[in-house]
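**Student:** Following this message is one structure expressed as structure tokens.
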Amino acid sequence: MQNQAWYAGSCDRHLAESVLQGVNKDSAFMVRQSSGQGWNQPFTLAVLYKGHVYNIPIRYLESSRQYTLGKDGKSREE
């Protein structure tokens with residue numbers, strides 16, 4: 001993953017938002033390391049849509065050894 005153009009590593013939220021707004025193209029995205037969230041939320045997906053950047057948590061589900069999008073507490077994971 002580290003060699004992918006969309007992976008920003010330890011880029012913080014403010015820098016990610018600035019870069020995506022500079023691209024100014026709907027659906028522009030990057031994946032960055034989450035700041036201070038721990039092993040069960042290692043990454044964040046940042047997506048630009050209609051001039052707004054959405055930061056979506058990427059969580060790791062230990063029970064299935066898979067990743068899922070969104071906050072914890074959903075009744076169904078996909």
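**Student:** For the chain, give me every one of the strands (runs of 3 or more DSSP E) that falls completely inside it and has 3 or more residues that are within 11 Å of the chain's Cα centre (by Cα).
**Tutor:** Working: elements: 7-9, 29-33, 43-49, 52-61, 66-69.
Qualifying strands (runs of 3 or more DSSP E): 7-9, 29-33, 43-49, 52-61.
**Student:** Take the conditions closer than 19 Å to THR68 by Cα and at pLDDT below 90 and apply them to GLN37. Does it pass? Full working, then the answer.
**Tutor:** Values: closer than 19 Å to THR68 by Cα: yes; at pLDDT below 90: yes.
In short, yes.
**Student:** Do you know which residues across segment 1-23 are small (Gly, Ala, Ser) and either open to solvent by 80 Å² or more (accessible area, probe 1.4 Å) or touching a residue at least 12 places away in the same chain (Cβ under 8 Å) (or both)? If you could, list the steps in order and put the result at the bottom.
**Tutor:** To start, the set of residues in segment 1-23 that are small (Gly, Ala, Ser) comprises 5, 8-10, 16, 18, 22.
If the condition is that a residue be small (Gly, Ala, Ser) and either open to solvent by 80 Å² or more (accessible area, probe 1.4 Å) or touching a residue at least 12 places away in the same chain (Cβ under 8 Å) (or both), then ALA5, ALA8, GLY9, SER10, ALA16 are the ones that fit.
**Student:** Just checking, how many residues over segment 24-69 are farther than 22 Å from GLN4 by Cα, among the small types (Gly, Ala, Ser) and open to solvent by less than 100 Å² (accessible area, probe 1.4 Å)?
**Tutor:** Count: 4.
The values are calculated or read from the model by the stated rules, or taken from the named source; none is laboratory data. All values derive from a computational prediction rather than experimental measurement. Every residue, glycine as well, gets a Cβ built from its backbone with ideal geometry; the counts of neighbours run over all protein chains shown. Note: areas computed on protein heavy atoms with side chains; ligands, DNA, RNA excluded. Shrake-Rupley method; radii C 1.70, N 1.55, O 1.52, S 1.80 Å.
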